[in-house]
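Data block below; observations after.
The values are calculated or read from the model by the stated rules, or taken from the named source; none is laboratory data. No experiment lies behind these values; they were computed from the predicted model shown. Here the Cβ positions follow ideal geometry from the backbone for every residue, glycine too, while neighbour counts run over all protein chains shown.
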Amino acid sequence: MHLKQQAPRATLLAAALAAAVALAQPAIAATPVAVELAPVDVANLYIKTIVNHDEASVAKLNAYLRPTRLAGHQSAEYASYSALKETDAQFPAETGKLIADLFPAAMQAALTPAAELLAANVIAAKNGAACQATKADPATEENGMQTTVVSFECQLVKVPVAWAPASQQLAKSGCKAEQCIAGLKKIAATYASAPKQTWRAVFPISREKSSEAWRNDFARETFDEIWDYL
């Protein structure tokens with residue numbers, strides 16, 4: 001990962017989350033979708049699964065999608081809560097190392113706890129984003145496929161400088177170890193106390209017929225954009 005590109009989502013998280021939301025399960029006989037959900041409700045389940053890693057939402061989304069996924073000969077489960085939480089648990093150490101590596105080798109060990117604290121606060125800010133689907137456009141139909149676009153918004157922390165460029169600037173400042181540690185802790189603190197900003201975006205979902213679930217098999221690509229605001 002290159003911190004200057006602010007791309008934890010492109011390296012550390014992308015592969016891990018892709019695995020977490022694409023488990024291989026043996027196919028079994030499909031049954032009709034048990035519960036009809038409105039597009040806004042479906043979008044909220046995707047948001048709380050992918051952005052917030054909420055256990056109840058992961059279970060509800062898996063249950064909702066399962067019959068349609070099995071009918072299409074896909075894996076039974078869309079997302080794995082345990083895999084998502086494992087990714088969260090690994091993020092501070094993995095990203096903290098990348099931050100510490102920006103600094104001279106002689107001080108990296110001393111800086112690592114502060115770097116991991118910063119990374120932990122960043123992932124906590126992402127997972128704690130308050131998001132809500134607001135409205136769904138009228139569904140359109142083309143070649144038998146129904147599609148609707150759901151608008152949503154998230155309240156995110158608005159830090160003065162995002163963690164990646166802030167860490168780079170600090171590393172280039174020529175700070176001594178104690179100063180660098182204090183600087184990393186100061187950056188970390190902004191993620192716990194910063195004011196909020198609103199991220200607005202849209203999320204398309206589709207289904208082939210009314211008996212199937214609304215879905216988006218590439219949902220992570222939409223929600224990974226949240227990293228551009230952190």
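For the reader, a short list of remarks on this structure follows.
Residue-wise test of (1) loosely packed, with under 12 Cβ neighbours inside 10 Å; (2) touching a strand residue (DSSP E or B) at 6+ places or on another chain (Cβ under 7 Å); (3) modelled with pLDDT of 95 or more; (4) part of a helix (DSSP H, G or I).
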site	(1), (2), (3), (4)
166	no, no, yes, yes
170	no, no, yes, yes
174	yes, no, yes, no
183	no, no, yes, yes
186	no, no, yes, yes
191	no, yes, yes, yes
197	no, yes, yes, no
201	no, yes, yes, no
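- Members of the stretch 167-181 found to be on the phi < 0 side of the Ramachandran plot, without any contact (Cβ under 8 Å) to a residue 24 or more places away in the chain and among the small types (Gly, Ala, Ser), listed by number: 173
- Residue match in the stretch 59-70 (condition: touching a helix residue (DSSP H, G or I) at 6+ places or on another chain (Cβ under 6 Å), crowded, with 16+ Cβ neighbours inside 10 Å and in a helix (DSSP H, G or I)): yes
- Residues that are free of Cβ contacts under 8 Å to residues at least 24 places away in the same chain and either aliphatic (A, V, I, L, M) or touching a Ser or Thr at 6+ places or on another chain (Cβ under 7 Å) (or both) number at least 1 in the following strands (runs of 3 or more DSSP E) confined to the stretch 85-159: 140-142.
- Filter result for residue 153 (surrounded by fewer than 19 Cβ atoms within 10 Å (Cβ to Cβ) and at pLDDT below 95): no
- Flag for residue 211 being loosely packed, with under 15 Cβ neighbours inside 10 Å, in contact (Cβ under 8 Å) with a residue 60 or more places away in the chain and not hydrophobic (A, V, I, L, M, F, W, C): yes
- Put simply, of 73, 53 the only residue that is crowded, with 18+ Cβ neighbours inside 10 Å and either in a helix (DSSP H, G or I) or at positive phi (or both) is 53.
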